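**Q** Just passing along the structure, written as structure tokens.
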Amino acid sequence: MRLAGKIAIVTGSASGFGRGIAETFAREGANVMIADRDTKGAALVSAGIGKAAVPFTCDVALKADVDAMVAACVQTFGGLDILVNNAGVTHKNQSLLTVTEEDFDRIYAVNVKSIYLTTLAAVPELEKRGGGSIIITASTAGVRPRPGLTWYNGSKGAALTLTKSMAAELAAKNIRVNAINPVIGETGMIEQFMGMPDTPENRAKFTAGIPLGRFSKPSDIANAALFFADPASAFITGTAIEVDGGRCI
């Protein structure tokens, strides 16, 4: 198993990409903390995985929650090797002039500030294990932004810049930092990204711009995260993989 003996936290793992990542990590031998605001959902995912997983209720935009999450992981499993900053939110696809200040603040708190908070809490624990891997779920929106999601796009652009800067600064501690850029995916946020009902006709409008002809799936993102968590990628840091079916070509 590729992650035997490893300990991971995956934020936003009660559903969607995070769930796929957590399940994949556990299948490959890791102990995983299922961290999410959705207490019930986290418990269900954890129960489905079994003894290799524990749920934890956490709002990644709150320092007290993040600190408690990392402390609980260390207390439960004995340390931390892998941190996946996956939790994210967006605003509905719409004019940049109509997004509310409340939505803007929440997007940057969850998508950007959370990276700061988890880094402060996790890096000292990763150091104790001799290094580790931080993985950030960014987005193709940060590479090839399109109208309708401007403020969300900006938050993912920040995530990509942070990935590179963190990688450069944390390399001396043997902590690698990499990002994944999914294209629009089969998750609970699909209608927000589309800005319209999730129908076959509307999906076709989006898949027309994806050369491989489909949306991303949790398994696609999980496989990329597994690569970055695997010691096989030990000499890779500061990179972002487009898991996008060719969308960014």
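The values are calculated or read from the model by the stated rules, or taken from the named source; none is laboratory data. Note that the structure is predicted; figures quoted are calculated from it, not measured. Cβ: placed from backbone, ideal geometry, glycine included. Neighbour counts: every protein chain shown.
**Q** For the stretch 20-32, which residues satisfy the criterion of being over 19 Å from Ile180 (Cβ atoms) and crowded, with 18+ Cβ neighbours inside 10 Å?
**A** Correct list: Asn31 only.
**Q** Within the group Ser155, Ser165, which residue is among the hydroxyl-bearing types (Ser, Thr, Tyr) and surrounded by 24 or more Cβ atoms within 10 Å (Cβ to Cβ)?
**A** Ser155
**Q** Of the residues Ile180, Ile221, which is assigned to a strand (DSSP E or B), modelled with pLDDT of 95 or more and either within 22 Å of Val32 (Cα to Cα) or β-branched (Val, Ile, Thr) (or both)?
**A** The match here is Ile180.
**Q** OK, next. Give the stretch 87-137 a look and list any residue that's hydrophobic (A, V, I, L, M, F, W, C), over 17 Å from the mean Cα position of the chain (by Cα) and over 18 Å from Lys173 (Cα atoms), or say none.
**A** Selection gives Leu96, Leu97, Val99, Phe104.
**Q** For residues that are under 24 Å from Arg106 (Cα atoms) and of a type in the set (A, V, I, L, M, F, W, C), scanning just the stretch 39-60, find the one that is surrounded by the fewest Cβ atoms within 10 Å (Cβ to Cβ).
**A** Phe56
**Q** Find the residue count for the stretch 1-24, including only residues that are over 18 Å from Gly88 (Cβ atoms) and among the hydrophobic types (A, V, I, L, M, F, W, C).
**A** Of the residues in that region, 4 qualify.
**Q** Any chance the stretch 105-116 includes a residue that's in a helix (DSSP H, G or I), touching a strand residue (DSSP E or B) at 6+ places or on another chain (Cβ under 6 Å), touching a residue at least 40 places away in the same chain (Cβ under 8 Å) and closer than 22 Å to Ser165 by Cα?
**A** So far as the stretch 105-116 goes, yes, one or more of its residues are in a helix (DSSP H, G or I), touching a strand residue (DSSP E or B) at 6+ places or on another chain (Cβ under 6 Å), touching a residue at least 40 places away in the same chain (Cβ under 8 Å) and closer than 22 Å to Ser165 by Cα.
**Q** Among the numbered criteria (1) surrounded by fewer than 24 Cβ atoms within 10 Å (Cβ to Cβ); (2) in contact (Cβ under 8 Å) with a residue 12 or more places away in the chain, which single criterion is violated by Ser139?
**A** Every condition holds for Ser139 apart from (1).
**Q** Hey, another quick one. Within the stretch 235-249, take every residue that is in a loop (DSSP other than H, G, I, E, B) and over 17 Å from Val84 (Cβ atoms) and give me the one that is farthest from the chain's Cα centre (by Cα).
**A** Going through the qualifying residues, I end up with Ile249.
**Q** Name the residues in the stretch 74-103 that are under 26 Å from Thr187 (Cα atoms), buried (at least 16 other Cβ atoms within 10 Å of the Cβ) and hydrophobic (A, V, I, L, M, F, W, C), would you?
**A** If the condition is that a residue be under 26 Å from Thr187 (Cα atoms), buried (at least 16 other Cβ atoms within 10 Å of the Cβ) and hydrophobic (A, V, I, L, M, F, W, C), then Ile82, Leu83, Val84, Ala87, Val89, Val99 are the ones that fit.
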